[in-house]
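Asker: Following this message is one structure expressed as structure tokens.
The values are calculated or read from the model by the stated rules, or taken from the named source; none is laboratory data. What you see is a predicted model, and the numbers here were worked out from it, not measured in a lab. Cβ placement follows ideal geometry from the backbone for every residue including glycine, while neighbour counts extend to all protein chains displayed.
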Amino acid sequence: MSVVTVERKILKKNDEIAGENRMIFRNHHLFTLNMLSSPGSGKTTLLEKTLAQLPKEIKCAVIEGDVQTDNDARRIEKYQVPVVQIVTNGGCHLEAKLIQDALDNFKLQDLNLLIIENVGNLVCPANYDLGEDKKIVLVSTTEGDDKPLKYPSMFRVSDVLVINKIDLLPYVDFSLEQVRKNALQINPDLEVFEVSCRTGEGLENWMKWLVTATRGR
């Protein structure tokens, strides 16, 4: 019982700070994404492809979350966008306070879009609101198409599903139809994009959605 009580207190405090973050983002007309997946699904690669194709008038910043190293932030720096790396030192998720502290490194008035790449994990991050506008969950064809059934909370709270590495479909035991069915069974409102970051297939639809949503903010 005491563990549950502590957890509730932690989540309540996180939600309060997430609400503060949300007001900051709205006051600056800043569209904010929280990207989530298991390790190796291709979050950073999708982020790289996204930054490379963003229209010049959309000014983006990135917050990278990882258990160790600043490797991902170094990859993002090449695209000439402001980036902050949060190293959790073993922590399995980002929290709203970490995001709030990271915002001090940006000139928010100069930005239109903030992308948060969360720690690779389909469990803990589902419970932590960061104040974002949309949660983007990625799965790849090198994972099982039953991922939504194994981690329903993540798909239930997400707004968009990106299925990555579709170029590998001929070589893996993965059904696009089945993963869609499983995901939409849990969350019928999910927007679904099928992409290959390696070949570029499907990225046009993803970019169209992202640009439209950002401009609408």
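Asker: Given the residues Asp146, Asp129, which is the only one that is acidic (Asp, Glu), closer than 29 Å to Gly216 by Cβ and at pLDDT 95 or above?
Answerer: Asp129
Asker: Across region 195-211, what is the number of residues that are farther than 17 Å from Arg180 by Cβ, in contact (Cβ under 8 Å) with a residue 24 or more places away in the chain and not hydrophobic (A, V, I, L, M, F, W, C)? Break it down into steps so the answer makes sense when it comes.
Answerer: Let us first name the residues in region 195-211 that are farther than 17 Å from Arg180 by Cβ, namely 197-200, 203-204, 207-208, 210-211.
When the remaining residues are screened for being in contact (Cβ under 8 Å) with a residue 24 or more places away in the chain, the result is 197-200, 203, 207, 210-211.
In the following step, the residues that additionally are not hydrophobic (A, V, I, L, M, F, W, C) were identified as 198-200.
The qualifying residues number 3.
Asker: So, Arg180, is that one modelled with pLDDT under 95, within 19 Å of the chain's Cα centre (by Cα) and of a type outside the set (Asp, Glu) or not?
Answerer: no
Asker: Please specify each residue of region 134-150 satisfying the condition of being assigned to a loop (DSSP other than H, G, I, E, B), touching a residue at least 60 places away in the same chain (Cβ under 8 Å) and out of contact with any Lys or Arg (no Cβ under 7 Å at 6 or more places or on another chain).
Answerer: Step one: of region 134-150, the residues assigned to a loop (DSSP other than H, G, I, E, B) are 141-146.
Adding the requirement that they be touching a residue at least 60 places away in the same chain (Cβ under 8 Å) leaves 142-143.
Matches in region 134-150: Glu143 only.
Asker: Tell me the residue from Val179, Val160, Val172, Val192 that is in contact (Cβ under 8 Å) with a residue 12 or more places away in the chain, under 30 Å from Thr69 (Cα atoms) and not charged (D, E, K, R), please. Reasoning before the result, please.
Answerer: Details: Val179 fails: under 30 Å from Thr69 (Cα atoms); Val172 fails: under 30 Å from Thr69 (Cα atoms); Val192 fails: under 30 Å from Thr69 (Cα atoms).
Exactly one of Val179, Val160, Val172, Val192 is in contact (Cβ under 8 Å) with a residue 12 or more places away in the chain, under 30 Å from Thr69 (Cα atoms) and not charged (D, E, K, R), namely Val160.
Asker: Of (1) at pLDDT 95 or above; (2) surrounded by fewer than 17 Cβ atoms within 10 Å (Cβ to Cβ), Gly216 satisfies all except one. Which?
Answerer: Here Gly216 clears every test but (1).
Rundown of residues vs (1) hydrophobic (A, V, I, L, M, F, W, C); (2) more than 16 Å from the chain's Cα centre (by Cα); (3) modelled with pLDDT of 95 or more, yes/no style:
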position: Ile10; (1), (2), (3): yes, yes, no
position: Gln68; (1), (2), (3): no, yes, no
position: Asp72; (1), (2), (3): no, no, no
position: Gln85; (1), (2), (3): no, no, no
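Asker: How many residues, within region 157-209, are under 20 Å from Thr32 (Cβ atoms) and out of contact with any Phe, Trp or Tyr (no Cβ under 6 Å at 6 or more places or on another chain)?
Answerer: Total meeting the criteria: 11.
Asker: Additional query: Criterion first (buried (at least 17 other Cβ atoms within 10 Å of the Cβ) and closer than 25 Å to Thr214 by Cα) does Lys135 satisfy it?
Answerer: Yes, satisfied.
Asker: Identify all residues within region 88-104 that are without any contact (Cβ under 8 Å) to a residue 60 or more places away in the chain and either among the polar types (S, T, N, Q) or over 15 Å from Asp66 (Cα atoms) (or both); write none if there are none.
Answerer: Listed by number, the residues that qualify are Thr88, Asn89, Asp101, Asp104.
Asker: Check Tyr128 against each of (1) in contact with a strand residue (DSSP E or B) (Cβ under 8 Å, 6 or more places away or on another chain); (2) in contact (Cβ under 8 Å) with a residue 60 or more places away in the chain and name the one condition it does not meet.
Answerer: (1)
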